[in-house]
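Enquirer: The structure under discussion is supplied below as C-alpha cells; questions concerning it will follow.
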Amino acid sequence: MLKTNILYYFLMFRYTPLFLFNCICKFHFSFRPIFFFCRNESEAINDIVENISRLLDKTDLIIANYPVGVESRVQDVIQLLDIQRPNDVVLLGIWGMGGIGKTTLAKAIYNRIGRNFEGRSFLANIREVWEQNVGPVDLQKQLLFDICKEAKTKIQSIESGTSILKGRFFHKRVLLILDDVNTFEQLNALCGSRNWLGSGSRIIITSRDMNILRGNRVDQLYKMKEMDGSESIELFSWHAFKQASPREDFAEISRNVVEYSGGLPLALEVLGSHLFELGLEEWKCVLEKIKRIPNDQVQKKLKISFDALNDDTEKEIFLDIACFFIGMDRNDVIHILNGSEFFAEIGISVLVERSLVTVDDRNRFAMHDLLRDMGREIVREKSPKEPEERSRLWFNKDVLDVISEKTVRIHILTFVLIL
C-alpha cells in the first residue's frame, strides 16, 4: 500500500526523488514488515528511489520535425539488435555518409527501447566534442551520470575515467549509443570492451568510417541507404511547403530538386527550408546556382569526411575521382593515379571505407552527386574568378577558355587529354 501511494503522488504531482525519499523515511517504521525485513533500510530506500526514477524517466531525444522513413529503419535495426537474446551483449554499427540520417535513426532507437534497460546514454557528436580541451573527460562524466546518476565522482584524466567506467558498469544492463565515432581511442575510452557491461546490454555505434566497425568489432552492421523517391519528395515537401506533397505549380521543379539531392535527408531538409515561401522564378535561380556552387550548409556537413582524411594523397585521389573518374574502371584509374606515385590501391580503399566513394558491380567508380559537387567546389573555391589557377578543370567552357588563352598548366592539360 505504501509503495502504491507514494508512486501515485510521485506520478500525479511530479515530486522529486528527494520528496519520495522523505516520504519513505516518514512512514517506513509503520511498514517495516512490508519493506525492510532482512534488508538494510537505507539500501532498500535507495533501491526504491533508483527504480522509480528509472521507470519515470520520460526524457526522449528530439528526432526530427518530420521523421519521414524513420520508422521502417528503426524496425530493421531493432531486429538486428535481437532483443530476445537477454544474456548477450550485442554491438551494432550504423555506417553511412554524412547527412544520411545515422544520428536521427540512433535517436529514434534510443527513444523506442531505452526504457527497457537499467540505464541508457546517448553520447552525441563524439568526433566534435573529442577535439575540445576537456572533451574526452566530459564525455566520460556524461556517461557516468547517465548510467549511474553520479555527478560528484572526480575524473582527472581519460585513463582514470576509463577505469571508473569499467568498474561502475559491470553487472548493469544498459543501452549505450556512441554517435559519430571516428577513432579507436574514443571507443577504448568510452566502452573499451563488451565485458564492461552486464548481460543483455546493447551498444550502438554510428560512424562514417567502416574501419571503425570492421571485422569482429561489432556483431551486426546496418548500412544506411538513401531515401527512395516517395520518401524524398515527402520529406522535401514538408520543409518546402509544410505539407506532404508539393503544390501543383511547383511539382516539376520539386522533382528536379529532389533528384539533385539524391535521397540525402540533409540536403532535402536544408534545400526545402531554404526554398520555403520563395517564388517559382527564385526556385529556378537557386536550382541553377547549386548545380555550380553547392549549398553552404550541405557542403560543410559533407566536407567533414574529406577533412578527416589522413594525408594529402588521399585527398588528391578523392578530388581526381570527383572531377574526372566517376564511371571509369577502377583498374584503369589506379593505373593512371599510380603514374603520379599516389599508391592508389591504399587511398581508394580508405575512400570506400569513409563512405566517400563506391565501386559498383562492374568495377566502376561511383559517388553521390553531392559528394562529387563538394569535391569540385573544394577545387573551385581555391580560385573562384580565375579557372587557370585551379588544380583541375572539368566544365567544358572553363577548359576551352583556359586553353584558348594559353594559360593552362601542364598537369591540367594532361587530364583533359586523357579524358
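The values are calculated or read from the model by the stated rules, or taken from the named source; none is laboratory data. The structure displayed is predicted, hence computed values, not measured ones. Ideal geometry is used to build each Cβ from the backbone, glycine not excepted, and the neighbour counts take in all protein chains shown.
Enquirer: Asp179 passes all but one of (1) of a type outside the set (S, T, N, Q); (2) surrounded by 18 or more Cβ atoms within 10 Å (Cβ to Cβ); (3) touching a His at 6+ places or on another chain (Cβ under 8 Å); which number fails?
Expert: All conditions are met except number (3).
Enquirer: Turning to a different aspect of this structure: When both residues are 6+ apart or on different chains and their Cβ atoms are under 7 Å apart, which pairs have a first residue that lies in region 181-203 and is under 13 Å from Lys166 (Cβ atoms), and a second that is of a type in the set (Phe, Trp, Tyr) and assigned to a loop (DSSP other than H, G, I, E, B)?
Expert: Filtered contacts from region 181-203: Trp196/Phe170; Gly198/Phe170.
Enquirer: Go through (1) surrounded by fewer than 23 Cβ atoms within 10 Å (Cβ to Cβ); (2) of a type in the set (Gly, Ala, Ser); (3) closer than 12 Å to Gly93 by Cα and name the single condition Ser199 misses.
Expert: Of (1) surrounded by fewer than 23 Cβ atoms within 10 Å (Cβ to Cβ); (2) of a type in the set (Gly, Ala, Ser); (3) closer than 12 Å to Gly93 by Cα, only one is false for Ser199: (3).
Enquirer: Only one of (1) closer than 24 Å to Gln132 by Cα; (2) of a type outside the set (Lys, Arg); (3) in a strand (DSSP E or B) is not met by Tyr222, so which one is it?
Expert: All conditions pass for Tyr222, except number (1).
Enquirer: Okay, moving on. For region 206-265, what are the residues that are among the aromatic types (Phe, Trp, Tyr) and in contact (Cβ under 8 Å) with a residue 60 or more places away in the chain?
Expert: The answer is Tyr222, Trp238, Tyr260.
Enquirer: Given the residues Leu105, Leu61, which is the only one that is modelled with pLDDT of 90 or more, under 28 Å from Pro265 (Cα atoms) and not assigned by TED's automatic domain parsing to the domain that holds Leu187?
Expert: Leu61
Enquirer: For region 95-114, check the following and say yes or no: at least one residue is under 30 Å from Gly263 (Cα atoms), of a type in the set (Val, Ile, Thr) and part of a loop (DSSP other than H, G, I, E, B).
Expert: yes
Enquirer: Does Asn295 count as surrounded by fewer than 17 Cβ atoms within 10 Å (Cβ to Cβ), on the phi < 0 side of the Ramachandran plot and modelled with pLDDT under 95?
Expert: For Asn295, the condition - surrounded by fewer than 17 Cβ atoms within 10 Å (Cβ to Cβ), on the phi < 0 side of the Ramachandran plot and modelled with pLDDT under 95 - is not met.
Enquirer: Now for a separate question. Regarding region 323-332, can at least one residue be identified that is surrounded by 14 or more Cβ atoms within 10 Å (Cβ to Cβ) and either of a type in the set (Lys, Arg) or closer than 26 Å to Tyr222 by Cβ (or both)?
Expert: Yes, because at least one residue in region 323-332 is surrounded by 14 or more Cβ atoms within 10 Å (Cβ to Cβ) and either of a type in the set (Lys, Arg) or closer than 26 Å to Tyr222 by Cβ (or both).
Enquirer: Going by the structure shown, is Ser237 in the same structural domain as Glu185 (by TED's automatic domain parsing) and either buried (at least 20 other Cβ atoms within 10 Å of the Cβ) or hydrophobic (A, V, I, L, M, F, W, C) (or both)?
Expert: no
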